[in-house]
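Nothing in this text is a laboratory measurement; each read-out follows from the coordinates by a stated rule. These numbers were taken from a predicted model, which means no experiment stands behind them. As a convention, Cβ positions derive from the backbone with ideal geometry for all residues, glycine included, and neighbour counts pool all protein chains shown.
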Amino acid sequence: MESIGVLLMCPMYSYLEQELQSRFNLFKLWQQPPSKITEFLKSNQRTIKAVVSNARVGVDAQLIDSLPNLEIVASFSVGFDKIDLKRCEEKGIRVTNTPDVLTDDVADLGIALILAVLRKICPCDGFVRSGKWKDGDFGLSTKFSSKPVGIVGLGRIGSAIAKRAQAFGCSISYHSRTQKPLKPYKYYDNIVDLAKNCSILVVACSLTDETRHIVNREVIDALGPRGILINVGRGAHVDEPELVSALLEGRLAGAGLDVYEDEPEVPEPLLRLDNVVLLPHVGSDTVETCNAMADLVLANLEAHFNSRPLPTPVI
Amino acid sequence: MTCSSVQVQPYLLEALEEKFTLHKLDTTTEPDKAARFLRSHRDSIRAVVGTAFVGADAELIDQLPNLEIVSSYSVGVDKIDLAKCKEKGIRVTNCPDVSTDDVADLALGLMLAVSRRLCPIDRYVRSGLWSKLGDYELTTKFSGKTVGIIGPGNIGMAIAKRAEAFGCPISYFSRSKKPACINYNYCPTVVDLAANCDILVVACALTPDTRHIINRDVIDALGPEGVLINIGRGPHVDEAELVSALLEGRLGGAGLDVFQDEPNVPEELFKLDNVVLMPHVGSATVEARKAMADLVVGNLEAHFLNKPLLTPVV
């Protein structure tokens, strides 16, 4: 196995890196100066048979084409929107991701964002630390329990968010490509109606051509000045300039964001707002889950190179 | 009819002013001024509206000879001298139930915020460090952690119900086993509970028995990976022990909505990333406070109309 070349696209997780290093011939793309990358890929293209990518750095057609012996792309993420699946399929390249092991963490973060936005947890914590409590009370926030929650995308993560929100007495409704007859929640075949009928809208679907900017001006208007938006999907799900202006103009009550259109850049006007919570794409960034995700990436690679069925193939 | 009240929300003040002659007692100014104020109104005051911060102690009760009812704008009545009220035939009411959900929500909010380091990470993004320094360090998973509840009353049970949806096994301590907790693991002592859970939540009422129920032994049992959540009262916890445990890494983290001497919070906690500090906002939502205000006024009206009290304690 030590002769099999694996290209690691960016720093991800030290445990994963160490294991890849010990099991394979590991190439670290980010250690090459940008001007030398083409040369580097050319000189190692016969050895590199696998690529490990993540939510931030994907695998486009250009990279695929420069690695003629590429057999498998294993992503350290559940989303695969940054991988050119079509090209991989054309070339018979397998693609794997890390579903299920991170469902709980992302769902937990979704609920954490709802609570943090509505109950102003971060501003309150700042209020205490600055000593301002001695001068008077913080003021009132808004209740979470029993508020109607609308979920965009009722897959593994969306369902896990729904289950948690129900325990807070929230009614659940959702929008997805197709209705899920086994799910006991109200279905809306369009996202505007969903937004009209909830006060907390959660984006939990995968990013595809159809879902890009699925949260646009019309949806934000329907959600309204008392509504809040939670995004644990991808930044591109939301028309970010529209979101920013809605928040600045009070046309939306608040937002909890873990993802942005151009990470790690966060729209500057958001940095000053008290009614938003801003996280740096940490949906699955716990020790427990990163270990499980790493093990799954390794399991997929091992299975492939030992001609066994892949644990979590996308294609 | 007249009332004396302290630092309450405008909605409640307006309702009280509309129906009664309201005297506002400002306990934050010099004691002499407060004393003079009480002396000049002592005979006309027949009701007191207290809060979680300032209630009706023996001294106040003695200064108001015509006091008939204390209606507390809170669930907790630990700041009211209940024995004295009973002695003098003074009725006491509180606001149970209407803020249960909000307090339970905040307990979960604190558990999630501590585990996932929400506040330091939000600050990290706001200070531009994400693009400068890269990713924040990994945090800890919440789902599936064992939650231990001290006091499985209305609030405790509401917390348990929510935590269960995150796959958290529930353990609890109370003076005796509760039939409603049949699916939860009963622990006969608080130390036992602390040793057998990852996140310990204080959700019981403050009484002489529960003062400092969280002491050094309990903190040691909870341990360096354990998290303490306090949405009860500050005096439930030996605050000095808690602070040193956090500073020395003997306790993994804490989410605190209440403190020994509010609004004073031990400043050594301010530099810690593994604590979340809230200014006693458990029931501080628009919705809960409106419902509580309605109960305060409703109880007062019932009393003065000789109708049964809505939510009597004494």
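The local environment of B:Phe259, defined by Cβ-Cβ distances under 11 Å, has a net charge of -3 under the rule Lys, Arg +1 and Asp, Glu -1. When you work out D = kT/(6 pi eta Rh) for the protein assembly as shown at 4 °C and 1.567 mPa s, using the Kirkwood radius from C-alpha pairs as Rh and the Stokes-Einstein form, the result is 49 µm²/s. In whole percents, the pair-distance distribution calculated for the stretch B:119-194 from its alpha-carbon pairs, binned every 5 Å from zero, is 3, 15, 20, 15, 10, 8, 9, 9, 7, 4, 1. Over the stretch B:240-314, the Kirkwood radius and the radius of gyration, each from Cα atoms, give a ratio Rg/Rh of 1.23. Computing FRET efficiency as 1/(1 + (r/R0)^6) for A:Ser307 and A:Gln179, where r is the C-beta to C-beta distance and R0 is 30 Å, gives about 0.15. Basic side chains Lys and Arg get +1 at the Cβ, acidic Asp and Glu get -1 at the Cβ, and with that the dipole of the protein assembly as shown about its Cα centre reaches some 1020 debye.
Only Lys, Arg, Asp and Glu carry charge here, each on its Cβ (+1 for the first two, -1 for the last two); on that basis the stretch B:88-143 has a dipole of about 240 debye about its Cα centre.
In plain terms, if you count all Cα to Cα distances in chain B and split them into 20 Å steps from zero, the share in each step is 31, 52, 17, 0 percent. Chain A has equivalent-ellipsoid semi-axes of 39, 22, 18 Å, by the square roots of 5 times the alpha carbon gyration tensor eigenvalues, sorted largest first. Each of A:Asp137, A:Asp108, A:Asp125, B:Asp209 was scored by other Cβ atoms within 10 Å of its Cβ. Listed from fewest to most, they are B:Asp209, A:Asp137, A:Asp125, A:Asp108. Residues whose amide H comes within less than 5 Å of that of A:Ile228, counting only those at least five positions distant or on another chain, are A:Ile200, A:Leu201 (H built at 1.01 Å from N in the peptide plane).
Working value for the stretch B:140-245: equivalent-ellipsoid semi-axes of 20, 16, 12 Å, each the square root of 5 times a Cα gyration tensor eigenvalue, largest first. The loop-placed trypsin sites (Lys or Arg not before Pro) in the stretch B:240-314, going by DSSP, include none that has at most 15 neighbouring Cβ atoms within 10 Å of its Cβ. Measuring max minus min along each principal axis, the C-alpha atoms of the stretch A:217-284 give extents of 29, 22, 18 Å (largest first). For chain B, the 222 nm mean residue ellipticity estimated from helices alone, with every DSSP H stretch of n ≥ 4 adding -39500 (n - 2.57) and the total spread over all residues, rounds to -10500 deg cm²/dmol.
Taking chain A as a Gaussian network of alpha-carbon nodes connected by springs under 10 Å, the highest mean-square fluctuation of the residues A:Thr178, A:Thr289, A:Thr96 belongs to A:Thr178.
Under Stokes-Einstein, with the Kirkwood radius over Cα pairs as Rh, the value for the stretch B:1-151 at 4 °C and 1.567 mPa s is 69 µm²/s. For chain A, relative contact order (Cα pairs under 8 Å, six or more residues apart, normalised by length) works out to 17 percent.
Seen against the Cα atoms of chain A and their longest principal axis, helix A:156-166 is set at about 20 degrees. Counting alpha carbon pairs within less than 8 Å and at least 6 residues apart, what relative contact order, in whole percent, applies to the stretch A:153-234? Computed over the stretch A:153-234, the figure is 30 percent.
May I ask for the angle, rounded to the nearest 10°, between helix B:100-115 and the longest principal axis of chain B, with both axes built from Cα atoms and the value confined to 0 to 90°? Taking the Cα atoms of chain B, the angle to B:100-115 is about 30 degrees.
Working from label points 7 Å from Cα in the Cα-to-Cβ sense, the A:Ser14 to A:Leu248 distance is 4.1 nm. Here chain A is scanned for GluC sites (Glu not before Pro) in DSSP loops (not H, G, I, E, B) that have at most 13 other Cβ atoms within 10 Å, and the longest stretch holding none of them is A:3-209. Each of A:Val232, A:Ala246, A:Ala222 was scored by the projection of its Cα onto the charge dipole of the stretch A:201-300, and the greatest displacement toward the positive side belongs to A:Ala222; charges sit on the C-beta of Lys, Arg, Asp and Glu.
Using the Cβ-Cβ distance between B:Arg175 and B:Arg36 with R0 set to 45 Å, the FRET efficiency from 1/(1 + (r/R0)^6) comes to roughly 0.50.
Label positions at A:Lys86 and B:Glu17, each projected 7 Å from the Cα along the C-beta direction, are separated by 6.7 nm.
For B:Lys161, the lysines whose Cα falls under 20 Å of its own Cα, not counting residues fewer than eight places away in the same chain, are A:Lys143, A:Lys147, A:Lys163, B:Lys141, B:Lys145, B:Lys177, B:Lys178.
Within the listed set B:Glu68, B:Glu17, B:Glu30, the residue fluctuating most in the Gaussian network model of chain B (springs between alpha-carbon atoms under 10 angstrom) is B:Glu30.
Put a plus charge on the Cβ of each Lys and Arg, a minus charge on the Cβ of each Asp and Glu, and nothing anywhere else: the dipole of the stretch A:1-117 about its Cα centre is then about 540 debye.
If you model the stretch A:133-273 as an ellipsoid using its alpha carbon gyration tensor, with each semi-axis the square root of five times an eigenvalue, the axes come out at 24, 20, 13 Å, biggest first. In chain A, the longest principal axis of the Cα atoms and the axis of helix A:14-23 are about 20 degrees apart. Electrostatic bookkeeping for A:Gly131 treats Lys and Arg as +1 and Asp and Glu as -1; over the other residues with beta carbon under 15 Å from its beta carbon, the sum is -3.
If you take the Cα centroid of the stretch A:125-143 and the Cα centroid of the stretch B:185-208, the two points sit 28 Å apart. Distances between every pair of Cα atoms in the stretch A:13-160, grouped in 5 Å steps from 0 to the bin holding the largest one, split as 2, 7, 12, 14, 13, 10, 8, 9, 8, 7, 5, 3, 1, 0 percent. Among residues other than A:Glu19 with Cβ under 13 Å from its Cβ, the summed charge is -3 (Lys and Arg +1, Asp and Glu -1). The helix-based estimate of mean residue ellipticity at 222 nm for chain A, built from -39,500 (n - 2.57) per DSSP H run of four or more residues and divided by its residue count, is -10000 deg cm²/dmol to the nearest 500.
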